[in-house]
Amino acid sequence: MLNIVLFGPPGAGKGTQSERLIKKYNLLHLSTGDLLRAEIAAGTQLGLDAKKYMDAGNLVPDEVVIGMIENKIKSNPHVNGIIFDGFPRTVPQATSLDHMCHDNNISINALISLKVDVLELTKRIVERGKTSGRTDDQDPKLVSERVAEYNNKTAPVADYYAKRGKAHYVDGMNPIDIVFEDICNVIDTL
Ligand code: AMP
């Protein structure tokens, strides 16, 4: 199995690149952001609880997203591999993912981190907000809160994988096609 953590700040291009990667390598796309938005749309209790955090630009509690990911891994045992998009976002999520992988006899092959500077991120998110309908993309204060959450809680996740020799870095400032090529080059050497 090919299991990749696609990593980077909000607006780095994880969703766009995931869409291409799942087609090329025939993988399952697991985006915790998408799963949470689906819960909100379905009006579930989990969705209602998560919405409060998402509307404030904060991370949803670890146990909520860990439970969702665990269900998805268990219910998809026969896939070629998984692209984790937006998960893990904290070090406790990363350690839980390791335990889940161990329990399900799989492993994470690599974390691929998309590097994009803050000004470009803000520009991209505001642009996406014009069409995404996502309220958290439309308010500049929420965008900076999300970037702050990334810097404080999520950035250390890359070090967690670097210590295990699994972190790879791609310049996310490049055009979409070049970023895709660079990611594929990393995957093809794994
Ligand atoms: P995203 O679509 O990845 O930008 O996620 C949108 C929002 O969902 C984030 O700002 C968080 O509030 C929440 N979220 C998504 N994934 C996670 C995660 N792994 N841990 C905590 N909160 C998350």
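Just checking, how many residues over the range 135-161 are without any contact (Cβ under 8 Å) to a residue 60 or more places away in the chain and near the ligand (Cβ under 9 Å from one of its atoms)?
Number satisfying all stated conditions: 1.
Among the numbered criteria (1) open to solvent by 60 Å² or more (accessible area, probe 1.4 Å); (2) free of Cβ contacts under 8 Å to residues at least 40 places away in the same chain; (3) assigned to a helix (DSSP H, G or I), which single criterion is violated by LYS72?
(2)
Any chance you could count how many residues in the range 18-47 are within 19 Å of ASN58 (Cβ to Cβ), open to solvent by less than 40 Å² (accessible area, probe 1.4 Å) and of a type outside the set (Ser, Thr, Tyr)?
Adding up the residues that qualify gives 4.
Considering only the range 107-134, state which residues are open to solvent by 10 Å² or more (accessible area, probe 1.4 Å), at pLDDT 95 or above and not charged (D, E, K, R).
If the condition is that a residue be open to solvent by 10 Å² or more (accessible area, probe 1.4 Å), at pLDDT 95 or above and not charged (D, E, K, R), then SER107, ASN109, VAL116 are the ones that fit.
Mind telling me which of the residues ILE73, ILE69, ILE125 ends up being more than 14 Å from the chain's Cα centre (by Cα) and within 10 Å of the ligand (Cβ to nearest atom)?
Matching residue, one of ILE73, ILE69, ILE125: ILE125.
Which ones in the range 38-66 are within 15 Å of the chain's Cα centre (by Cα), in contact (Cβ under 8 Å) with a residue 40 or more places away in the chain and part of a helix (DSSP H, G or I)?
MET54
Rundown of residues vs (1) closer than 20 Å to LYS153 by Cβ; (2) of a type in the set (D, E, K, R), yes/no style:
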residue: LEU2; (1), (2): no, no
residue: LEU35; (1), (2): yes, no
residue: ALA38; (1), (2): no, no
residue: ALA41; (1), (2): no, no
residue: ASP62; (1), (2): yes, yes
residue: ASN76; (1), (2): no, no
residue: LEU97; (1), (2): yes, no
residue: MET100; (1), (2): yes, no
residue: ILE106; (1), (2): no, no
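Would you please name the residue that is most open to solvent (accessible area, probe 1.4 Å), looking only at residues in the range 162-179 that are under 21 Å from ASP117 (Cβ atoms) and of a type in the set (Gly, Ala, Ser)?
Of everything passing the filter in the range 162-179, ALA162 is most open to solvent (accessible area, probe 1.4 Å).
Which residue, of ASP159, ASP182, ASP137, is surrounded by fewer than 15 Cβ atoms within 10 Å (Cβ to Cβ) and of a type in the set (Asp, Glu)?
ASP159
The values are calculated or read from the model by the stated rules, or taken from the named source; none is laboratory data. Just so you know, these numbers come straight off a predicted model, no measurement behind them. Don't worry about glycine lacking a Cβ; one is built from the backbone with ideal geometry, like all the others, and counts go over all protein chains shown. Accessible surface areas use protein heavy atoms only, side chains included; no ligands, DNA or RNA. Shrake-Rupley method; radii C 1.70, N 1.55, O 1.52, S 1.80 Å.
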